[in-house]
Amino acid sequence: MPPATSSRSSPTRSIRIWDLPLRCFHWALVICVIGAFATAQLGGLWMDWHVRFGLAVLVLVVFRLVWGVLGSHHARFGSFVRGPAAVAAYLRGTVTTAGHSPLASWSVVLMLVSLLVQVGTGLFATDGILIEGPLAHRVDPGLSDTLTGIHQINKIVLLVLIGLHLLALLWYGLVRRQPLVRAMITGNKPAGQVPERTAPAQDDWRLGVRALIVLAAILAVLYTWILPG
């Protein structure tokens, strides 16, 4: 699809920031995380679906890590992860960014780390009765119990990070008048909300093919190393 224009001659103009694979990742992750939490609360036979949602989250998180290197410009970690000085400058209002802000970049990093810990420990977790992770039988029961404990503690950390993320979305929408949810649906931001001469992100069929290749490789590894169990 052709990228949106970056002209700033009109406030109605917009510029493509988020590519389609990144947007698909984001909303698929939302669905799978909600599904994982909901099925964990329901318990019982729903725990089979909890494991399935957890494996889906694992695929998505690994995809995002790879896409942070191979994706379009604003999806790459190198384009938005910045140090404390950049975060301080952003808080003072002296820095504008097209993609993630320096502060939001660390929210993204912490969320991905927490999700990776959650699904990683979940692979080896067990409730000792009905359900166990796909790799729980490959480790000592004591280690499995330890990882299960980390899985439970990190769940709280993850809920806190999700809550902060939702509060940030509300603040950006209500206070700064930046509809970030809409931007993650359409991929576009108003030209007036990005720095001058921001180049639109690549978002065409070639990028889509690259994303499908990455996803296929991750699924192949998952099927080979984890699912046979």
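The values are calculated or read from the model by the stated rules, or taken from the named source; none is laboratory data. Keep in mind the model is a prediction, meaning the values are calculated, not measured. Backbone-built Cβ (ideal geometry, glycine too); neighbour counts: all protein chains shown.
Considering only the stretch 61-94, state which residues are over 25 Å from ASP204 (Cα atoms) and in a helix (DSSP H, G or I). Once the filter is applied, which keeps residues that are over 25 Å from ASP204 (Cα atoms) and in a helix (DSSP H, G or I), the stretch 61-94 yields PRO84, ALA85, ALA86, VAL87, ALA88, ALA89, TYR90, LEU91.
Here ALA98 clears all of (1) surrounded by 18 or more Cβ atoms within 10 Å (Cβ to Cβ); (2) under 21 Å from VAL61 (Cα atoms); (3) in contact with a helix residue (DSSP H, G or I) (Cβ under 8 Å, 6 or more places away or on another chain) except the condition numbered (2). Taking interchain pairs and intrachain pairs at least six residues apart, which have beta carbon atoms under 6 angstrom, with the first residue in the stretch 41-55 and more than 22 Å from TRP27 (Cβ to Cβ) and the second surrounded by 15 or more Cβ atoms within 10 Å (Cβ to Cβ) and modelled with pLDDT under 90? As it stands, the answer is MET47/ILE131, since those pairs meet every condition given. Contact annotation: residue pairs with Cβ atoms under 7 Å, 6 or more positions apart or on different chains, pairing a residue in the stretch 11-28 that is surrounded by 15 or more Cβ atoms within 10 Å (Cβ to Cβ) with a partner that is at pLDDT 95 or above and among the hydroxyl-bearing types (Ser, Thr, Tyr), are ASP19/SER72.
When LEU20 is tested against (1) of a type in the set (A, V, I, L, M, F, W, C); (2) closer than 17 Å to LYS189 by Cα; (3) in contact with a Cys (Cβ under 6 Å, 6 or more places away or on another chain), just one condition goes unmet, and that condition is (3). Considered as a group, the residues in the stretch 109-137 that are touching a residue at least 24 places away in the same chain (Cβ under 8 Å), among the aliphatic types (A, V, I, L, M) and not in a loop (DSSP other than H, G, I, E, B) include one that is nearest to TRP49 (Cα to Cα), and that residue is VAL119. All of (1) under 16 Å from TRP18 (Cβ atoms); (2) among the hydroxyl-bearing types (Ser, Thr, Tyr); (3) part of a helix (DSSP H, G or I); (4) in contact (Cβ under 8 Å) with a residue 24 or more places away in the chain hold for THR97 with one exception: (3). Scanning the stretch 72-105 for residues that are closer than 18 Å to HIS165 by Cβ and among the aliphatic types (A, V, I, L, M), we see that the one that is farthest from the chain's Cα centre (by Cα) is LEU91.
Here PHE80 passes the criteria (1) surrounded by fewer than 20 Cβ atoms within 10 Å (Cβ to Cβ); (2) without any contact (Cβ under 8 Å) to a residue 60 or more places away in the chain; (3) over 15 Å from VAL33 (Cβ atoms); (4) of a type in the set (A, V, I, L, M, F, W, C) except the one numbered (1). Of the residues that sit in the stretch 29-62 and are crowded, with 16+ Cβ neighbours inside 10 Å and among the small types (Gly, Ala, Ser), which one is farthest from LEU130 (Cα to Cα)? Per the criteria, the residue is ALA56.
Just a yes or no: is a residue in the stretch 139-146 crowded, with 19+ Cβ neighbours inside 10 Å and touching a residue at least 40 places away in the same chain (Cβ under 8 Å)? So far as the stretch 139-146 goes, no, none of its residues is crowded, with 19+ Cβ neighbours inside 10 Å and touching a residue at least 40 places away in the same chain (Cβ under 8 Å). Does LEU166 meet the test of being more than 20 Å from HIS50 (Cα to Cα) and not polar (S, T, N, Q)? So LEU166 fits the description; yes. Taken together, LEU110, LEU70, LEU116, LEU147 contain a single residue that is modelled with pLDDT of 95 or more, over 26 Å from ILE34 (Cβ atoms) and either in contact with a helix residue (DSSP H, G or I) (Cβ under 7 Å, 6 or more places away or on another chain) or of a type in the set (S, T, N, Q) (or both), which is LEU70.
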